[in-house]
Structures are given as structure tokens and as C-alpha cells.
Amino acid sequence: MTTRLPVPRIALTPGEPAGIGPDLCIQLAQQDLPCEIIVIASPQLLEERAGQLGLPLQITEFDSAMPATAQTAGRLTVLPVELAEPVRCGQLNAANSRYVLKTITKATKGCMDAVFDAMVTGPVHKGIINDAGLPFSGHTEFIAGITGGHPVMMLATPGLRVALATTHLPLSEVSQAITHTRLRTVIRILDHELRSRFGIAHPKILVCGLNPHAGENGHLGREEIDIIEPVLDTFRKQGLNLHGPLPADTLFTEKYLATADAVLAMYHDQGLPVLKHMGFGQAVNITLGLPIIRTSVDHGTALDLAGSGKADLGSLQFALQTALTMATQ
Ligand SMILES: NC(=O)c1ccc[n+]([C@@H]2O[C@H](COP(=O)([O-])OP(=O)(O)OC[C@H]3O[C@@H](n4cnc5c(N)ncnc54)[C@H](O)[C@@H]3O)[C@@H](O)[C@H]2O)c1
Ligand SMILES: N[C@H](C(=O)O)[C@H](O)COP(=O)(O)O
């Protein structure tokens, strides 16, 4: 007798309604998939956008009491959330910012309550959420505010994983944020999840310095000597396979990357431009350190492309595939 495994149920938030998130959800819905996708959004928005794109879409309202069924092309299961105001492609409207946060909150709580096996997020516009007077610096921090845990942002593309010691911080605040406590927490989570979620027995992690040339022996900054090296030394004594602090400009070369499982960058734009240069459109953003599985696209709202049919589905597909792998391993 064979036992059929349950179909994974994945929550999908389209993000900013005036951006390409709704387009991508509709494009994704044109495929048969080995999981159930529950889009948390306004059904009216999705129907209007499908009309603009000229794509078929039959919407069914989500009923959590029903067993999960695999996604079939042209259909979509939706957990409805009402918009505050109608949406025009490419035009941000702060009145709809609470709607955006509500969709993410529902997905997060649904994962916490085991209604969903994982959540995948489309791109939000952080600025318009802030313009609405709502504190928000990114999904990563917002979701962790609901679930608890210290979130660690890691982007991955075939051949490279980059995790960040700090996430959405003004550059002027980064140095202060690189503390012994933060680095210890981030490295512990990164090492642990590379083992537990990605099946890497003894992960080799390359750690960037903060300053040019990793501080040039203290002549170009002391964070490496005072903070990064002592933390790495402590973990090395415990058997972790950590290398650094290395100058970030030369760390990102083949000689170093060839044998590495992940790079830990000290701040957002130290690590992510390299990863996006290598894999934009084929990369995923994964939040480590949470009690739930959350992945996301590697791109933003692309307001210029909303409703045009030109948005590339690659990163959303990769994000979904990664969430599925993590949920079913
Ligand atoms: N996952 C997220 O929520 C996320 C990620 C990155 C940026 N953002 C936000 O998005 C907003 C806009 O950011 P940005 O302009 O720096 O980046 P962006 O990714 O929106 O756009 C950069 C360029 O890439 C193009 N592009 C982006 N996604 C594409 C796709 N799927 N297919 C084809 N072309 C695509 C755009 O047309 C644009 O030319 C900001 O508010 C930023 O914070 C959100
Ligand atoms: N740092 C992400 C990137 O550049 O792709 C992006 O801002 C999204 O972050 P959140 O997943 O925290 O919203």
C-alpha cells in the first residue's frame, strides 16, 4: 500500500498592489503546481489585473476546513482582504498600506497556526508604508515582530548564499549595530540553519570585515579587531568552520567562493549587489531564525512594469520552490 503525502499549502502575499506582485501571482496561477497556493489579497484586484494581462483566472475563496488540493492552471484560491481604495497600476497609494500589512500578518499567523506550511512574499514598497505613518523597515523585521526570534536575512542563488549581519539600517547606524551579541546570534542561527534546513554537515562560512580591506590592521577601522575577530575565535574553538574577517572586495572572488557554503556580509549593500549581479531573477530571499518558513522574491515592486505583462516570474518560482523544499524535507 502506498501512502499519499499531503499536498503542501503555501500562503502567497502579492505585496504592493500597484506593483508587479499581483501580476506575478496571476502568471504563477497559469501553471499546474505540486502544492496548493493560497493568495492573500483582494479578489477584485486580482480579477482586474488578470483582465489587464489578458490571462484567465477563476477564483475560489479559501476554506481552511477543506483538504489542500494541488494548484491547477487558470484557477486560484484566495483568502480575501479588502483594499481601502481602488488600485491603479504603478501608482502608489498610502491608503492601501494597511491592506499590505494585513496580508502579511494573515500569512504569518496562518503559518504559526499551521494552517499554512510556509509563506512566500511578493514585493512591498517600504516607503509608501512609512508614508502612511506605519513603522516598517521590511518583511524580515515585520514578520519577526509577530513570530518572535532574531531574523537573519539570507539571499541565495545557485552557487552563492549571502546572509547579512544587519538588515534594513541606514549606513550611518551600521557600525554601532555590529556588536558581539548581534554577531554571536547571527552566526549561531546561520550555522545552525545551514545544517538543519539545508543539510550541510559542517558549513564553511566566509565572514566579511566591515571596513575597507577588513580594517587594514586597525588603520582603517577597529570593528574587525575589537568585535568580529573575537566572536569568530570563540566559535572556532567550538568547532565552527568560520573564515575571516576577510576584505569584502576580494572575498567575492572564485578562489574563496568555490569552497564556501555561505558568506556573512556585515550590511545590506555589502552583500546583496554581488548576489543580485550573479543571480537577479533566479534568487530567493529566505528569513532564517524564525519558527516558520518564509521566502521571498529577490526584486522590488517594479512599478514601471505593473500590468504590462513584462514582469519576469523567475524569482517568484524560485522562492516557491525553495519554500516547498524547506517545507517537505
Ligand atoms: N521583497 C521585497 O519586498 C522587496 C525587495 C527589493 C526591493 N523592494 C522594494 O521595492 C521598491 C522598488 O525598489 P527598486 O526600484 O530598487 O527595485 P525593483 O526591483 O523594483 O526594480 C529595479 C529594476 O528591476 C526591474 N525589475 C524588478 N523586478 C522585475 C521582474 N520581476 N521582472 C522584470 N524586471 C524587474 C524593474 O523594472 C527596475 O528596472 C522599494 O520600495 C524597495 O524597498 C522590495
Ligand atoms: N533586502 C531585500 C532585497 O534587497 O531583496 C528587500 O529589501 C526585501 O526585504 P524584506 O524581505 O525584509 O522585505
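Structure above, values below:
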quantity	calculated
The chain, accessible surface, carbon-and-sulfur percent (1.4 angstrom probe)	52
Most mobile listed residue (250, 185, 295) in the chain, GNM with C-alpha springs under 10 Å	250
Modelled FRET efficiency - R0 30 Å, residue 109 with residue 185, Cβ distances, 0.05 increments	0.75
Local electrostatic count, residue 98, Cβ distance below 14 Å [Lys/Arg +1, Asp/Glu -1]	-2
0 to 90° range, to nearest 10: angle between helix 268-279 axis and the chain longest Cα axis	60
Relative contact order %, the chain, counting alpha carbon pairs below 8 Å whose residues are six or more apart	22
Candidates 61, 223, 173, ranked by Gaussian network fluctuation over the chain, Cα under 10 Å, top entry	173
Antiparallel bridge percentage (DSSP; both residues within segment 150-289; nearest 5)	45
Unit Cα scatterers, Debye sum, the chain: log10 I(q)/I(0) for q = 0.09, 0.13, 0.15 Å⁻¹	-0.49, -0.95, -1.20
Whole-number D in µm² s⁻¹ for segment 150-289, Kirkwood Cα-pair radius fed into Stokes-Einstein, 10 °C, 1.306 mPa s	107
Set 237/276; 106/204; 126/204; 204/237; 126/255 screened for pairs whose C-alpha atoms are more than 25 Å apart	237/276; 106/204; 126/204; 126/255
Vicinal HN-Hα couplings computed from phi for segment 118-131 (Karplus, 6.51 cos²θ - 1.76 cosθ + 1.60; Hz; Gly/Pro x)	6, 10, 10, 10, x, x, 10, 9, 4, x, 6, 5, 5, 4
Karplus (6.51, -1.76, 1.60) ³J(HN,Hα), θ = phi - 60°, over segment 228-234, in Hz, Gly and Pro reported as x	5, 4, x, 5, 5, 4, 4
With eigenvalues of the C-alpha gyration tensor scaled by 5 and rooted, segment 50-197, Å	32, 22, 15
C-alpha center-to-center spacing [segment 3-40, segment 120-196] in angstrom	24
Ellipsoid equivalent to segment 216-329 - semi-axes via the Cα gyration tensor, in Å	33, 19, 13
Built amide H within the under 5 Å cut-off of residue 200, gap 5+	195
Cβ-derived FRET efficiency at R0 35 Å, residue 225 paired with residue 195, nearest 0.05	0.75
Cα-based reach from residue 310 at 13 Å (exclusive), listing aspartates and glutamates while leaving out same-chain residues under 8 positions away	23
Among 178, 150, 273 the positive-end extreme of the charge dipole of segment 150-289 (Cβ point charges)	150
Distance in nm between pseudo-label sites at residue 65 and residue 328 (7 Å out along the Cβ direction from Cα)	2.9
Other-chain or far-sequence residues with amide H under 5 Å of residue 81's (modelled H)	41, 42
Candidates 244, 289, 148, ranked by Gaussian network fluctuation over the chain, Cα under 10 Å, top entry	148
Accessible area of the chain divided out per residue, in Å², using a probe of 1.4 angstrom	44
Length-normalised contact order of segment 150-289 in % [C-alpha pairs under 8 Å, at least 6 apart]	42
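The values are calculated or read from the model by the stated rules, or taken from the named source; none is laboratory data. The shown structure was predicted, so the numbers you read here are calculated from the model rather than taken from an experiment. Reconstructed Cβ throughout: ideal geometry from the backbone, glycine too, with neighbour counts over all protein chains shown. Remember, those area values only see protein heavy atoms, side chains included, never the ligands or the DNA or RNA. Shrake-Rupley method; radii C 1.70, N 1.55, O 1.52, S 1.80 Å.
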